[in-house]
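Have a look at the structure below, then the notes.
The values are calculated or read from the model by the stated rules, or taken from the named source; none is laboratory data. Everything numeric here is computed off the predicted structure, so don't read it as measured data. With ideal geometry, Cβ positions are generated from the backbone for all residues, glycine too; neighbour counts draw on all protein chains shown. Side chains included, ligands, DNA and RNA excluded: accessible areas come from the protein's heavy atoms. Shrake-Rupley method; radii C 1.70, N 1.55, O 1.52, S 1.80 Å.
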Amino acid sequence: VSDADSVGLTGSDYVNMVSFTSSDETIVKAEKTSSEPDTAGNSKSRLKLTGIKAGSAKVTAKITAPAKDGKEAKVLFSKDIAVTVADVSYSKISSTADIKANDEVLLTFSNGGKTYAFAAETLAKDWYLKAEEVAVSDNKITDVKGASVLTLEAGTVADSYYFHADNGKYLNSAVKTDEKGTHYNTLLADKKDAATSLFSVSFDDKGVLTVKNTNGVFVSGSVYNGTAEFQGASSSKANYDKYPLAIYKKA
């Protein structure tokens, strides 16, 4: 930004001067993200692209000085970026032999004939992880929508992994005891930690998935006040989950 264009601008002006728009959000979603700041600390002006379905779209990155002090808004920088989203599908797996570190997966649960996938957002501050409905056909998911793709990082014991979400955070768990009893929660954390972010993954002889934290908390899906979310429901496998979990691996 030149000296002439910067006259009268404040820090908050600069943050809001950056915009990213997609010509077709049904193909690719373009947005600013604050999850991974760059080395200069510009945490609110990074571009995040989310492919929604196969196709091509144009993403426009723009810097606009706001209308201020009698001056009209002025576009200082504009660039079009061609984005092509390829066909991607995720197939349901039923064996730990089918997954390994660096795999990209969707963690899901089913309820009332619908399937929900993990989404890397928090509700009510830290505790409840949002889930997004996804369409399943022939044990495949081809439309991710707002769901989060998780990259598996190898754990320290067999069949254990860190679930690294696409917003840069890690699946995590916590146990909290208060006057109402003991609560088991699944949440997101900035860093992986062996005590709360390492999960073992196992399937029984019927292909039923269990994801268990090293501190004894089982990941489960739930619908709470009409909102689908992921929780850690109990330290007992017998009653930890009303809704079956599944992992879908990127083909």
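Contact annotation: no residue pair with Cβ atoms under 7 Å, 6 or more positions apart or on different chains, pairs a residue in region 46-67 that is free of Cβ contacts under 8 Å to residues at least 12 places away in the same chain and assigned to a strand (DSSP E or B) with a partner that is open to solvent by less than 30 Å² (accessible area, probe 1.4 Å) and not β-branched (Val, Ile, Thr).
Restricting to region 158-189, and then to whatever is closer than 15 Å to residue 130 by Cα and in contact with an Asp or Glu (Cβ under 7 Å, 6 or more places away or on another chain), can you tell me which residue is most open to solvent (accessible area, probe 1.4 Å)? Top of the filtered list is 169. Between 142, 84, the distinction of being within 20 Å of residue 48 (Cα to Cα), open to solvent by 50 Å² or more (accessible area, probe 1.4 Å) and either modelled with pLDDT of 85 or more or touching a strand residue (DSSP E or B) at 6+ places or on another chain (Cβ under 7 Å) (or both) belongs to 84 only.
Where in region 128-237 are there strands (runs of 3 or more DSSP E), lying fully within it, with 3 or more residues that are among the small types (Gly, Ala, Ser)? Full working, then the answer.
Values: elements: 128-134, 150-154, 160-164, 170-178, 181-189, 198-203, 209-213, 219-224, 227-232.
Filter on region 128-237 gives 219-224.
Residue 78 meets all of the listed conditions (1) small (Gly, Ala, Ser); (2) modelled with pLDDT of 90 or more; (3) in contact with a Ser or Thr (Cβ under 8 Å, 6 or more places away or on another chain); (4) open to solvent by less than 40 Å² (accessible area, probe 1.4 Å) but one, namely (4). Among the residues of region 42-73, those that are loosely packed, with under 13 Cβ neighbours inside 10 Å and of a type outside the set (Gly, Ala, Ser) comprise 69, 71, 72.
Summed over region 20-41, the residues that are modelled with pLDDT of 80 or more and open to solvent by less than 40 Å² (accessible area, probe 1.4 Å) give a count of 5. Looking across region 227-251, the residues that are at pLDDT 80 or above and open to solvent by less than 70 Å² (accessible area, probe 1.4 Å) come down to 227, 228, 229, 230, 231, 232, 243, 245, 246, 247, 248, 249.
Screening residue 210 against (1) open to solvent by less than 20 Å² (accessible area, probe 1.4 Å); (2) within 26 Å of residue 48 (Cβ to Cβ) leaves a single unmet condition, (2).
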